[in-house]
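The values are calculated or read from the model by the stated rules, or taken from the named source; none is laboratory data. On a predicted model such as this, the values are computed, not experimentally measured, just so you know. Quick reminder, even Gly has a Cβ in these numbers, built from the backbone with ideal geometry, and neighbours come from all protein chains shown. SASA here: full protein model, heavy atoms, side chains in, ligands and nucleic acids out. Shrake-Rupley method; radii C 1.70, N 1.55, O 1.52, S 1.80 Å.
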Amino acid sequence: MSYNFLRIFVFLTLVFEIALSQTGGEIIERLKKKYASVDDAVVKFEQKVKYGVSKFEQSFSGTLYFKKKNKYRIETEEQVVVTDGNTSWLYSKVNKQVIIDRYKEDQNAVSPDKFLFSISDEYIPVVLKVEKVDNKKVYIVKLTPRNENSAIESAKIWVVDGDWDVTKVEITDVNGTVTTYDVKSVKLNSGVKDDVFKFVVPPSVKVVDLR
């Protein structure tokens, strides 16, 4: 078998496998159906950021606490973002400053909770390819915003066939910055308390209240 024929064979095999698999829209609907029954979640993740202009890279770990009705808390080594659905807190550990504001739902926000639990119809989903990971079929789905003015250029999600877990999220913004979340563990419906979504300002921290 010649090298060129082998390449064509591999390509056609991949195309055929994708054709027999779920479409992007079907995968998103399965995700919505699964997470419709999720009231709360705790997600451990590794975050990597590669900035588009400077090419500077950062890596750190984080934890996402999520609860329905716009409640979430994202903790990383550098900052804490909290909202209870009415008030939002952004705490910078480096600057020792917390910004308090009224909660505003931002469709352009780049956050792991949006792509793990609340992917909306504002994205066009397309299956890019199918991989085998630990003997499981994993779909890589590209999400393109329908809104041309979105701050997000595109996103990719890695979804496991059958249990429909999202194991990885990659988001590219309009400035070329690529943010990747590798999901390490997920606990669903563990009874996260509401006080997790309130922020207690540490002592000696500057408060900027924009309410």
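Put 210, 188 in order of accessible area, highest first, and with a 1.4 Å probe you get 210, 188. Between the listed residues 175, 155, 141, the Cα displaced farthest toward the positive end of the dipole of region 115-180, a dipole computed from Cβ unit charges relative to the Cα centre, is found at 141. For a test of the definition: using alpha carbon positions, the gyration tensor, and the 1.5 limit on a/c, classify region 64-211 as rounded, prolate or oblate. Because a/c hits 1.5 or more and a/b exceeds b/c, region 64-211 counts as prolate.
Each distinct pair of alpha carbons in region 141-211 adds a 1/r term; the inverse of their mean, the Kirkwood radius, is 16.0 Å. Amide H contacts of residue 165: 160, each under 5 Å away and 5 or more positions distant or on a separate chain (H built 1.01 Å from N in the peptide plane; Pro and chain starts excluded). Between residue 132 and residue 193, full extension at 0.36 nm per residue minus the direct alpha carbon distance yields a gain of 18.3 nm.
For region 26-84, the Kirkwood estimate of the hydrodynamic radius, built from every pair of different alpha carbons, is 13.5 Å. Taking a straight Cα-Cα cut-off under 23 Å and skipping sequence neighbours fewer than 8 places away in the same chain, the lysines within cross-link reach of residue 69 are 32, 33, 34, 44, 104, 114, 187, 193, 198.
Within the shell defined by Cβ-Cβ distances under 10 Å, the residues around residue 146 carry a net charge of -3, with Lys and Arg each +1 and Asp and Glu each -1. The heavy atoms of residue 30 present about 100 square angstrom of accessible area, all protein chains included, probe 1.4 Å. Local charge for residue 22 was computed over the other residues whose Cβ lies under 11 Å away, with Lys and Arg +1 and Asp and Glu -1, and equals -1.
Under 12 Å from the Cβ of residue 178, count the other residues' Cβ atoms, weight Lys and Arg +1, Asp and Glu -1, and hand me the total. Local charge sum for residue 178: 0.
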